[in-house]
Amino acid sequence: EMSASLVGSEMCIRDRFGVQRENYALMGFSSGGHIVGLIGSDNEKFGYKAFGLPQPAALLLGYPINDFFEVKPLYQLAIDPLVLGWRYYWTDISDVVNENFTPTYFFYGKNDLYMQRMCYSQQGPLLERKLRESGAVYECHVYENAPHAIGPGRHTDADGWIRQATAFWEKQCK
């Protein structure tokens, strides 16, 4: 019965959105990168397993917020003042990284003022260290000129990150 409902939901996903569940990638930027990073974990509460999904082939993250640091209480007041219990911004991506973490491509810029205001060392540098220490598959690019919200990176030294991320994703699918 359970497998029939999963097959039915898979058919619904394919029919409704035209996607397949194999070798998919998740992409996110800034706080969206944070959420995607959490979903890429094998955590039973909020990782891909919690949604009944197979593990993604890759995570593609642009300047992901690893740690909401001192703004966590402000987010609670501004976004979820009446919600008790776990909120995504209370868990750092680096807290859920392990050897089974989804292969991750990510980039960030040294001149990202937003990340500098959120304790730069707790963002990309800490996430990269945790990925390296865990033995997870990852590729990290750090750019001198890649401010926050650069999109495709035109007119920055991150220009071309989309090709690199796509190549990383394709490599994970082989």
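Say we look at the range 106-122 and pick out the residues that are of a type in the set (S, T, N, Q) and modelled with pLDDT under 95; which of these is surrounded by the most Cβ atoms within 10 Å (Cβ to Cβ)? Among residues in the range 106-122 that are of a type in the set (S, T, N, Q) and modelled with pLDDT under 95, the one surrounded by the most Cβ atoms within 10 Å (Cβ to Cβ) is 122. Considering 65, 35, the condition of being open to solvent by 40 Å² or more (accessible area, probe 1.4 Å), under 12 Å from the mean Cα position of the chain (by Cα) and in contact (Cβ under 8 Å) with a residue 40 or more places away in the chain is satisfied by 35 alone. Can you spot a residue in the range 79-92 that is open to solvent by 30 Å² or more (accessible area, probe 1.4 Å) and under 29 Å from residue 22 (Cα atoms)? Yes, there is a match, as at least one residue in the range 79-92 is open to solvent by 30 Å² or more (accessible area, probe 1.4 Å) and under 29 Å from residue 22 (Cα atoms).
Cβ-Cβ contacts under 6 Å between residues 6 or more apart (or on different chains), taken from a first residue in the range 71-89 that is farther than 22 Å from residue 122 by Cα and at pLDDT below 80 to a second residue that is part of a loop (DSSP other than H, G, I, E, B) and not aliphatic (A, V, I, L, M), are listed as 80/87. Scanning the range 143-174 for residues that are under 16 Å from the mean Cα position of the chain (by Cα), of a type in the set (A, V, I, L, M, F, W, C) and outside any loop (DSSP other than H, G, I, E, B) yields a total of 5. Residues that are among the polar types (S, T, N, Q) and within 14 Å of the chain's Cα centre (by Cα) were ranked within the range 101-130; the one that is farthest from residue 40 (Cα to Cα) is 123.
Has the range 38-54 got at least one residue that is open to solvent by 70 Å² or more (accessible area, probe 1.4 Å) and modelled with pLDDT of 95 or more?
No.
Filtered by the rule that a residue be within 28 Å of residue 136 (Cα to Cα) and part of a helix (DSSP H, G or I), the range 72-92 gives 72, 88, 89, 90.
For residue 144, are the conditions met, namely being out of contact with any Gly (no Cβ under 6 Å at 6 or more places or on another chain) and without any contact (Cβ under 8 Å) to a residue 60 or more places away in the chain? Yes.
Among the residues of the range 136-174, count how many are open to solvent by 40 Å² or more (accessible area, probe 1.4 Å) and small (Gly, Ala, Ser).
The total comes to 2.
Checking the stated criteria, residue 95 turns out not to satisfy the condition of being assigned to a loop (DSSP other than H, G, I, E, B) and open to solvent by 50 Å² or more (accessible area, probe 1.4 Å).
The values are calculated or read from the model by the stated rules, or taken from the named source; none is laboratory data. Since the structure is predicted, the reported quantities are computational estimates derived from the model, not experimental observations. Glycine also receives a Cβ, built like all others from the backbone with ideal geometry; neighbour counts cover every protein chain displayed. Surface accessibility is based on the protein's heavy atoms, side chains included, excluding ligands, DNA and RNA. Shrake-Rupley method; radii C 1.70, N 1.55, O 1.52, S 1.80 Å.
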